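Note sheet for the following structure.
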Amino acid sequence: MTSAKYQSETFEESYISKSRIKVTEKFEVYVLPALKWIQMAFKDASICDVASWYPQKKWIIENGIKTQMHDDLDCGQDWWDIQSEIGSKGSYLPLVLYADATLVSSFNGRQFHPIIGRFGVIPGKIRNSYGRGGGTLLGLGF
């Protein structure tokens, strides 16, 4: 129970207004601010230990032919380009945000989609799973 209480205290109450023809609806929502989410996650040593803080180049050699592999976000050219601009001053932190249309909730005739956040520095096999390092509910979108 303590764990659930701790989790619920991280969300903040907010209101969203949606105007329709001659009517404005006000929805009470709970959101986890992105900065708070980032701070919470990176205080967890088990997440920091598996994070890929810098871009990588991976190669595979088959039949004497060397080919660059792109098996995760940290192998992409965009990451290399962004990190080159940052230099040694810091690390690029790609955030993956999406609305999950497969998990729709309805309230008062409106549909809401959970907004899920994932860290691009976490390897895909962890980032795309459940539990630590997997997706985190950040809020609801409609």
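Read-outs: derived from the displayed coordinates by stated rules, not from any lab. Small disclaimer: the values here were computed from a predicted structure and weren't measured. Ideal geometry is used to build each Cβ from the backbone, glycine not excepted, and the neighbour counts take in all protein chains shown.
Odds and ends about this structure:
- Scalar couplings 3J(HN,Hα) for region 33-49, obtained by applying the Karplus form with A = 6.51, B = -1.76, C = 1.60 to θ = phi - 60°, are x, 4, 5, 5, 4, 4, 4, 4, 5, 8, 8, 8, 4, 5, 7, 4, 5 Hz; x denotes Gly and Pro.
- In a DSSP loop and with at most 13 other Cβ atoms within 10 Å, the chymotrypsin sites (Phe, Trp or Tyr not before Pro) in region 98-130 are Y130.
- Measuring gaps between exposed loop sites in the chain (trypsin sites (Lys or Arg not before Pro); DSSP loop; at most 14 other Cβ atoms within 10 Å), the longest gap, sites not included, is 58-131.
- Overall shape: prolate for region 19-131, with the ratio a/c of the largest to smallest alpha carbon gyration tensor axis at 1.5 or above and a/b above b/c.
- Candidates per chymotrypsin sites (Phe, Trp or Tyr not before Pro) in region 10-69, loop by DSSP, up to 13 other Cβ within 10 Å: W53
- A helix-only calculation puts the chain at -6000 deg cm²/dmol for mean residue ellipticity at 222 nm, using -39500 (n - 2.57) for each DSSP H run of at least four residues, averaged over all residues.
- 3J(HN,Hα) couplings calculated from phi for region 58-63 with the Karplus curve 6.51 cos²θ - 1.76 cosθ + 1.60 (θ = phi - 60°) are, in sequence order, 10, 10, 10, 10, 10, 6 Hz; Gly and Pro show x.
- Taking label positions 7 Å along the Cα-Cβ direction at both T136 and Y15, the computed distance is 2.8 nm, reported to one decimal.
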